[in-house]
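Structure first, commentary second.
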Amino acid sequence: MTFRTRFAPSPTGPLHIGHAYSAIVAHDMAKAAGGEFLLRMEDTDLQRSKPEWDAQIIDDLTWLGLTWDEPVLRQSHQLASYDPALEKLEAMGLLYPCSCTRADIRAALSAPQEGVAHDVYPGTCKHRLMSDRKPGDALRLHLDRALDILSHRDVRFEETGERHKGIHTLDPEQALRAIGDIVLSRKGEEIVAYFLASALDDVAQGITHVVRGEDLFDFTQIQVILLALLDQPIPIYHHHGLIRDDKGKRLAKRDDARAIAKYREDGATPEDMRAMIGL
Ligand code: GLU
């Protein structure tokens, strides 16, 4: 099996130093294994993704010396490819329409509930049926039902990153407490949400190893759940450590001061960048 990985940025802002680190780690792992490295633009958030960022990210990656083995895949160019998965989940009775705004969700969660992370959906629309779907409704996953279906199956995934290394099985309690009924599709805004599109494209692109930052480790379980429900193969995951500033603080992803373009403007070389991020 050829090692095949990818870097999958969302073109909603500049390539910052943390992204560059992730791209270089994935690229170098692929090359060291005699494998392949792909670039995928996760631009399903049609409002926040911009062609200018897409172009800038490609320019910065090229400047850093990275090359990819296939043309760039842009999710916005293949939105219909995600429909069969949504239809299958709907046929399994696992979707419901939701009209809650972010503000509604915040209000419903405002009474603090012990042990419940604040972005877990409170279930306001959970009783609604797909036949009652209105234009503009989002589609959410009945996570409890999904976990019931999978409780009869031995779903596991392998992690090779240092921090969580090993074979992981599903942890339904953690999933319900920390993830909840995620949005899978939102017409007009995010046609198909990150969790589903990203997991499906990892399979479609034949990715054997998903290499990405540790900050995404907690989302792995939900992506594995979706792939298992859809009878898709589950890749191996490798979550690398995050780079920190001199004070040990994790570098924020959206910190524009750390944009690669900024360092380039200031005269840094690609070698300086590699040295700076410890590679
Ligand atoms: N598009 C996601 C991001 O930019 C990364 C997805 C992934 O690597 O799985 O945060």
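The values are calculated or read from the model by the stated rules, or taken from the named source; none is laboratory data. Since the structure is predicted, the reported quantities are computational estimates derived from the model, not experimental observations. Here the Cβ is made from the backbone with ideal geometry for all residues, glycine too, and neighbour counts use every protein chain on show. Quick note on the areas: whole protein, heavy atoms, side chains included, nothing else; ligands and nucleic acids left out. Shrake-Rupley method; radii C 1.70, N 1.55, O 1.52, S 1.80 Å.
Would you calculate the separation in nanometres between label points at K88 and L46, each defined as 7 Å from the Cα along the Cα-to-beta-carbon direction?
Going by the 7 Å Cα→Cβ label model, 2.5 nm.
Taking a Cβ-Cβ separation under 4.7 Å as the criterion for a possible partner, which cysteines of the chain have none?
C100, each lacking another Cys Cβ under 4.7 Å.
Please report, as a whole percent, how much of the solvent-accessible surface of the chain comes from carbon and sulfur atoms (probe radius 1.4 Å).
Looking at the chain in its full context, I get 52 percent from C and S.
I'd like to check one number: the per residue accessible area of the chain, probe 1.4 Å, reported in Å² as a whole number.
49 Å²
Take R153, project a point 7 Å from its Cα along the Cβ direction, then tell me which residues of the range 205-242 have their backbone nitrogen under 14 Å from it.
Correct set: 222-235.
Going by average Cβ density within 10 Å per residue, which order do the peptides 193-201, 29-37 take, highest to lowest?
Final packing ranking: 193-201, 29-37.
In a solvent-free Debye calculation with one equal scatterer on each Cα, what is log10 I(q)/I(0) for the chain at q = 0.09, 0.11, 0.15, 0.17 Å⁻¹, listed in the order of the q values?
-0.45, -0.68, -1.24, -1.50
For the ranges 11-23, 211-223, what's the packing order if you count other beta-carbon atoms within 10 Å of each residue, average per peptide, and put the highest first?
Highest to lowest by the protection proxy: 11-23, 211-223.
May I ask you to derive the relative contact order of the range 1-109, considering only C-alpha pairs under 8 Å and at least 6 residues apart, and to give it as an integer percent?
Here the relative contact order equals 28 percent.
Dividing the alpha-carbon Rg of the range 159-249 by 2.2 N^0.38 Å yields what?
Compactness ratio reported: 1.18.
Lysine pairs in the chain with Cα distance under 27 Å, only those 8 or more apart or on different chains: how many are there?
18
Sort 81-93, 161-173, 137-149, 50-62 for me by packing, meaning the mean count of neighbouring Cβ atoms within 10 Å per residue, highest on top.
Result, highest mean Cβ count within 10 Å first: 137-149, 50-62, 81-93, 161-173.
Roughly speaking, what is the stretch gain from A261 to D59, that is 0.36 nm per residue apart minus the C-alpha to C-alpha distance, in nm to one decimal?
Full extension of this stretch gives 71.8 nm more.
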